[in-house]
Amino acid sequence: DIPATLLDYMGLPRPDWMDGSSLISDEIPDDRPIFSIIAGSPKKVVAPFFQIKTVQAVVCQQWYQLNVQEKRSRSGAFDDSSSMCEADQVPTDEELHEMIIQYLDQHGYEVDSLVP
């Protein structure tokens, strides 16, 4: 969202390939997933995820981390979040796992090893 916000602030168009929303002018729903990537050791750069060690997803007050190298996950909830949602809006761990798989698939990664 930061690059999109900076472009919006400067009055420049956002490229078609850019993900994210402007924090200035876009309406961003509280239950929008936010994804982030943690890179792994350069010594463990192997297919199918290459430099990726962990993919994280945050939706509402719920977070989920999937270590794609070791096929381990963990999750939790924030006690205080700027995007607190009603209980029926908060995704389960299984739904967050699927969101991460879809995100990686959409970005060209081979995800078969992550499907339960």
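The values are calculated or read from the model by the stated rules, or taken from the named source; none is laboratory data. Nothing here was measured: the structure is a model prediction, and the numbers come from that model. Note that each Cβ is placed from the backbone with ideal geometry, even for glycine, and that neighbours are counted across all protein chains shown. Remember, those area values only see protein heavy atoms, side chains included, never the ligands or the DNA or RNA. Shrake-Rupley method; radii C 1.70, N 1.55, O 1.52, S 1.80 Å.
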Give me the net charge of ILE34's neighbourhood, meaning all other residues with Cβ under 13 Å from the Cβ of ILE34; Lys, Arg count +1, Asp, Glu -1. -3
Residue-normalised accessible area of region 1-100, given per residue in Å² at a 1.4 Å probe: 67 Å²
In region 11-52, which residues have a backbone nitrogen under 18 Å from the label point lying 7 Å from VAL90's Cα in the Cα-to-Cβ direction? 30-34
Once amide hydrogens are built 1.01 Å from N within the peptide plane, the residues lying 5 or more places from LEU23 or on another chain with amide H under 5 Å from its amide H are THR5
Taking +1 at the Cβ of each Lys and Arg and -1 at the Cβ of each Asp and Glu, which of THR92, ALA47, GLY76 sits farthest along the dipole of region 46-116 towards its positive end, judged by Cα position relative to the Cα centre? ALA47
About its Cα centre, how strong a charge dipole does the chain have in debye, to the nearest 20, once Lys and Arg get +1 and Asp and Glu get -1 at the Cβ? 860 debye
Less than 16 Å apart at the alpha-carbon level, and either on another chain or at least 8 residues along: which lysines does that give for LYS71? LYS44, LYS53
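Specify whether the C-alpha gyration tensor of the chain places it in the rounded, prolate or oblate class, a ≥ b ≥ c being the square roots of the eigenvalues: rounded for a/c under 1.5, otherwise prolate if a/b is larger than b/c and oblate if not. List each step's numbers first, then the result.
Working: a/c = 2.15, a/b = 1.24, b/c = 1.74.
Taking the square roots of the gyration eigenvalues as a ≥ b ≥ c, the chain is oblate.
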